[in-house]
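The values are calculated or read from the model by the stated rules, or taken from the named source; none is laboratory data. These numbers were taken from a predicted model, which means no experiment stands behind them. Positions of Cβ are backbone-derived with ideal geometry, glycine not excepted, and every protein chain shown enters the neighbour counts.
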Amino acid sequence: MAVFPEGAPCWVDAMVPDLEAGKRFYGGLFGWTFEEGEADYGYYTQALHDGKRVAALYPVPEEQSGMPPAWNLYFASPDIERTAERIRTHGGEVMAGPMQVGGHGSMLMARDPAGAVFGVWQAGAHQGFEKQYQPGSFGWTEISVRETKGVDSFYPAVYPFEVVPYGDENTDFNVWQLEGKPVGGRFKLPEGTPDSVPPHAMVYFVVEDCDDAVGTVRRLGGAVRMDPQDSPYGRFAIVEDQQGAAFSVIDPRTTVGEPKVR
């Protein structure tokens, strides 16, 4: 029986040019330890926190040399062939797969109508996160896009999401719920966002203290794209590792104000 309901974020991984440098950075930031990656699986390396799988890193494949480093998000599916059909039917593109990954499960990579890339995972032996919503693990995700046309109908057609619009005149943000619980959302990139920022899935990791985490990012050679700021969901910042892969850190216990439903 699957651990994650259909549509729930169930896994994240990062493609990085230098695997050992990635291990040093994320080990130093989150306290992750790493399993040994196998050559047969492209040295795909599982990251653990307190002995539980929380993410993975893998080196950029030779055939994708030159691709920028990035974090990838995967949504759970009980039937990946059916999910692929829904993606195509509702305006998305299946870029790779579906493909079997040994006995671990099946995956595909897709692009939504606005251009944001995401993955789909049908669990086999690898169910997904063994720990989440706690320091050192996955805490939230947003599909960040410039244009919402097509996107806001796409995701609820592919997954059984209930959509709740949040934000105000300055923020356009939809929360996706499964069985009444928020699991992620769609965020419209604000005017003035640099052209160099593509539509993407933003991955958030939980930390004990956002400001301390940002200081550690800098100490480890990473960069800060957006300084820490308060929100009704927690104090968060957008950062990147020392190889350029962007992600967010958030302390969900430190909240200011109340979310506004549009």
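Would you confirm whether or not the range 206-224 contains a residue that is in a strand (DSSP E or B), under 19 Å from VAL12 (Cα atoms) and modelled with pLDDT of 95 or more?
Yes, there is a match, as at least one residue in the range 206-224 is in a strand (DSSP E or B), under 19 Å from VAL12 (Cα atoms) and modelled with pLDDT of 95 or more.
Just for strands (runs of 3 or more DSSP E) wholly inside the range 138-182: which have at least 1 residues that are closer than 23 Å to VAL54 by Cβ and touching a residue at least 40 places away in the same chain (Cβ under 8 Å)?
Hits in the range 138-182: 138-145, 171-178.
What residue, of ALA116, ALA70, ALA56, is at pLDDT below 95, among the aliphatic types (A, V, I, L, M) and under 23 Å from ALA246 (Cα atoms)?
ALA70
Does the range 42-54 include one or more residues that are of a type in the set (Phe, Trp, Tyr) and either on the phi > 0 side of the Ramachandran plot or over 19 Å from the mean Cα position of the chain (by Cα) (or both)?
yes
Give the range 1-34 a look and list any residue that's assigned to a loop (DSSP other than H, G, I, E, B) and either at pLDDT 95 or above or surrounded by 14 or more Cβ atoms within 10 Å (Cβ to Cβ) (or both), or say none.
ALA2, PHE4, PRO5, GLU6, GLY7, ALA8, PRO17, ASP18, GLY31, TRP32, listed by residue number.
Considering only residues that are outside any strand (DSSP E or B) and buried (at least 20 other Cβ atoms within 10 Å of the Cβ), which ones fall in the range 95-128?
Those that are outside any strand (DSSP E or B) and buried (at least 20 other Cβ atoms within 10 Å of the Cβ): ASP112, PRO113, ALA114, ALA116, GLY128.
Out of the residues in the range 158-190 that are in contact with a Lys or Arg (Cβ under 7 Å, 6 or more places away or on another chain) and exposed (fewer than 15 other Cβ atoms within 10 Å of the Cβ), state the one that is nearest to VAL120 (Cα to Cα).
Only one residue tops the list, namely PRO165.
Filter the range 129-147 down to the residues that are crowded, with 18+ Cβ neighbours inside 10 Å and among the hydroxyl-bearing types (Ser, Thr, Tyr) and list them by number.
SER137, THR141, SER144, listed by residue number.
Go through the range 29-76 and give me each residue that's hydroxyl-bearing (Ser, Thr, Tyr), within 28 Å of GLY185 (Cα to Cα) and either free of Cβ contacts under 8 Å to residues at least 40 places away in the same chain or out of contact with any Pro (no Cβ under 9 Å at 6 or more places or on another chain) (or both).
TYR44, THR45, TYR58, listed by residue number.
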